[in-house]
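For reference, the structure discussed in these notes is given below.
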Amino acid sequence: MTFSIQRVDARTGSAEILQQLRDKLSPQGNVVSPRGRALTEEVFGKPLTPAQVVETICDDVRREGTPALLRYSAALDKADLTADELRVPAADLVAAHAAADPKLIETIGRIRDNIVAFQSAILHNDVTITPRPGVTLTQRYVPLRRVGVCVPGGAAAYPSTVLMTAVPAQVAGVKEIAVVAPPTPFGSYNTDMLATCHELGITEVYRCGGAQAVAAMAYGCDVIPAVDKIVGPGNLFVALAKKHVFGTVDIDSFAGPSEVIVIADETARADYVAADLLAQAEHSPGSAILITWHKPLIEAVAAELAKQVAVLERCELTVDSLEAFGALILVRDEDHACELTDQFAPEHLNIETADPSRLMAKIRNSGAAFLGHYTPVALGDYAAGPSHVLPTGGTCTWAAGLSSNSFLRSGSITEFTPDALNQIAPDVVRLAEKEGLTAHARSVTIRE
């Protein structure tokens with residue numbers, strides 16, 4: 001297959017292409033399909049920006065509740081449901097599990113065990129110290145009461161998203177987990193997703209998606225009680241909706257389209273590198289970038305991309321993504337590769353070199369890193385143990401991926417004895433009086 005992917009020689013200057021690619025994939029970029037723009041005009045009667053669409057939907061759901069949720073589900077997802085049909089009956093979950101491929105259920109069980117092992121190992125525990133006699137200070141971690149999980153698609157199967165969001169929440173001790181996913185026009189779901197929910201013990205699954213589902217979980221409605229936090233991936237409208245409701249509820253991140261940077265040297269196999277780039281590009285949109293200082297690898301990977309993309313089921317969409325958001329970048333050396341990677345701060349980083357750990361030590365910014373020739377990103381997407389919900393758009397410079405700790409709320413506990421109070425009282429009183437807060441000072445001196 002013939003297509004054009006950007007080739008950038010960054011050896012004599014900076015690679016502005018990285019910032020350009022990120023900008024195109026941002027909420028300000030042109031990532032809404034022509035079909036999406038046409039649907040916006042059909043539903044709202046005029047062209048609106050994605051942010052305007054989301055603001056309208058969220059405000060309507062907050063004000064009207066379930067009627068607005070149903071109206072937008074019908075208009076946007078073509079799912080004509082009643083309020084009673086929004087929640088998937090328990091019997092449907094049981095039936096989906098019973099009808100599922102037994103090997104799939106076994107796979108889900110093994111992957112759950114992998115996730116539990118990792119997420120349990122990193123889970124925060126309460127910490128108590130006694131810095132001086134009579135003083136006890138505790139940092140306590142409490143699981144959130146109720147969380148909402150966004151699962152993309154409806155006709156497609158995304159059991160991996162359920163695993164990578166719900167299992168970390170369960171490890172943290174969250175008792176109530178509500179799953180939302182856009183249904184087909186007939187209100188049905190791929191049964192593999194329902195079977196996964198049942199296998200994990202999730203009983204709340206709702207036939208709704210998009211910005212309207214995010215708003216319903218944030219504000220609550222007759223059918224869906226409000227949650228404390230909303231997590232999980234979605235399209236641009238889901239991401240903008242999560243940003244809109246942040247402050248009413250917590251969210252995992254403001255995530256955009258998928259990203260990968262592959263750093264490769266002369267030891268890398270071109271077919272492996274191409275396969276890893278295609279694995280992200282097939283999300284469409286999704287950025288797929290190779291950075292190398294081994295010039296022959298550029299054309300070898302380009303040839304492999306053309307060869308491999310031709311046999312993909314999502315061939316045309318993947319080609320569109322590669323042409324719009326892909327790049328093969330030649331740099332001076334490995335230090336230059338690490339510098340550009342830190343500049344882009346990718347969601348996924350694949351280091352396919354002779355000594356990947358040495359390069360990893362030079363890189364600060366990546367959502368998740370995969371080291372070596374035999375660690376494709378797909379292992380993290382599906383089975384390794386860390387969650388695949390990761391920061392995008394350069395936000396991993398300050399944001400972290402989803403984990404069991406994302407579902408904990410921390411708080412401090414302080415306790416002083418009378419003697420300990422008397423020892424620290426002069427310092428407290430002095431600062432309080434300097435700030436003119438005499439009632440603060442008196443609340444201490446009255447106890448001396």
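Return the only residue of Ala83, Ala95, Ala99, Ala74 being more than 29 Å from Ser160 (Cβ to Cβ) and hydrophobic (A, V, I, L, M, F, W, C).
Ala83
Condition first: part of a helix (DSSP H, G or I) and either basic (Lys, Arg) or over 23 Å from His336 (Cα atoms) (or both). Now tell me which residues in the stretch 265-279 satisfy that.
Within the stretch 265-279, the first condition is being part of a helix (DSSP H, G or I), and the residues that meet it are 270-279.
Hits for the stretch 265-279 are Asp271, Ala275, Leu278, Ala279.
Which residues, taken from the stretch 350-379, are assigned to a strand (DSSP E or B) and either under 15 Å from Glu259 (Cβ atoms) or among the aliphatic types (A, V, I, L, M) (or both)?
Listed by number, the residues that qualify are Asn350, Ile351, Ala368, Ala369, Phe370, Leu371.
Of the conditions (1) without any contact (Cβ under 8 Å) to a residue 40 or more places away in the chain; (2) on the phi > 0 side of the Ramachandran plot; (3) touching a Gly at 6+ places or on another chain (Cβ under 9 Å), Gly393 clears all except one; give me its number.
The one condition Gly393 does not meet is (1).
What strands (runs of 3 or more DSSP E) lie completely within the stretch 193-264 and have 3 or more residues being over 24 Å from Ala378 (Cβ atoms)?
204-207
Please pick out the residue among Leu25, Leu18 that is modelled with pLDDT under 80, under 26 Å from Ile289 (Cα atoms) and out of contact with any Asp or Glu (no Cβ under 8 Å at 6 or more places or on another chain).
None of the others qualify; the one that does is Leu18.
Taking the stretch 261-288 as the region of interest, how many residues are among the hydrophobic types (A, V, I, L, M, F, W, C) and over 16 Å from Glu334 (Cβ atoms)?
Of the residues in that region, 8 qualify.
Which condition from (1) under 23 Å from Leu123 (Cβ atoms); (2) assigned by TED's automatic domain parsing to the domain that holds Glu16; (3) among the charged types (D, E, K, R); (4) not in a helix (DSSP H, G or I) is the one that Arg409 breaks?
That leaves (2) as the condition not met.
Listed here are the residues, each with its yes/no results for (1) at pLDDT below 95; (2) more than 14 Å from the chain's Cα centre (by Cα); (3) surrounded by 23 or more Cβ atoms within 10 Å (Cβ to Cβ); (4) not small (Gly, Ala, Ser).
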residue	(1), (2), (3), (4)
Ala239	yes, no, yes, no
Val249	no, yes, no, yes
Gly256	yes, no, yes, no
Ala264	no, yes, yes, no
Ala270	no, yes, no, no
Gln280	yes, yes, yes, yes
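The values are calculated or read from the model by the stated rules, or taken from the named source; none is laboratory data. No experiment lies behind these values; they were computed from the predicted model shown. A quick note on method: Cβ atoms are made from the backbone with ideal geometry, for glycine too, and the neighbour counts reach across all protein chains shown.
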